[in-house]
Amino acid sequence: MLQFGHDVSFEQVRSQIGKGGDKLIPAFLSADEQREHGKDLEEWRGNRFKNEYLPLVRPFSAVPDLLRRVRGAGLRIAVASSAKKDEVDKYLDIAGITDLVDVTTSSDDAEESKPAPDIFNVVLKKLKIDGADAVVIGDTPYDAEAARKAGVRTVGVLCGGFSEDELRKAGCAEVYPGPAALLACFERSMLCN
């Protein structure tokens, strides 16, 4: 934002993480500013992230084990992201879970990003199930809000930087410190019920 002359604090941006770019940018730029340099800002942000920050991304070590446990319980796994398809593919590779995922979605699959339910509705359609037969694991209030709108229950994890209170207010029925804690409590979690 600063690169394009917008004085936005880290805390202001941090509170919006989890929304897609179609919802994030309008939180800080007027319609005129979006028309004037919104596309340039998004291109600059994407290039900077890919070149400077993506190489630093490290996975949560428990995620592959958690997903193997989910799969071992006979459940299918979907990744519902508001990121671009090439970014989703890269994240799956970094996390070492590409072979554990049955279905993926990206911003290309949805008209609106989280907190709209579109991305979860696409997953439900691809898996040919109802929302009541699914559980979302999310780390932002926007995950929980979007899932609730799609009729899906949500397990929250605190690794996204939001508090337990924020996740519960958004609709998370259970909250765990992170993927490892969810794995340790798997038998008692909503994933088994």
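Every read-out reported here was derived from the displayed coordinates using simple, explicitly stated rules and does not represent laboratory data. Owing to the predicted nature of the structure, the values given are computational and were not obtained by experimental measurement. Glycine also receives a Cβ, built like all others from the backbone with ideal geometry; neighbour counts cover every protein chain displayed.
A compact table of results
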quantity	calculated
Contour minus Cα-Cα distance for Phe10 and Asp108 (0.36 nm per residue)	32.5 nm
Degrees separating the helix 85-95 axis from the principal Cα axis of the chain, which is the longest one	50 degrees
Net length gained if the chain between Glu36 and Met190 were fully extended (0.36 nm per residue, minus Cα distance)	50.8 nm
In degrees, nearest ten, helix 118-127 long axis to first principal axis of the chain (Cα)	40 degrees
FRET E, pair Trp44, Lys128, Förster distance 45 Å, beta-carbon r, rounded to 0.05	0.65
Quotient of Cα Rg and 2.2 N^0.38 Å for the chain, N being how many residues it contains	1.04
Per-q log10 I(q)/I(0), the range 2-55, q = 0.24, 0.27 Å⁻¹ (Debye; single scatterer per alpha-carbon; no solvent)	-1.13, -1.34
Relative contact order (%) - criterion: Cα under 8 Å, at least six apart; region: the chain	17 percent
Hydrodynamic radius (Kirkwood) for the range 1-105, which is based on Cα pairs only, to one decimal in Å	15.9 Å
Between helix 31-48 and the chain: long-axis angle, C-alpha atoms, 0 to 90°, nearest 10	60 degrees
Lysine pairs within the range 63-192, Cα separation less than 26 Å, 8 or more sequence positions apart or different chains	23
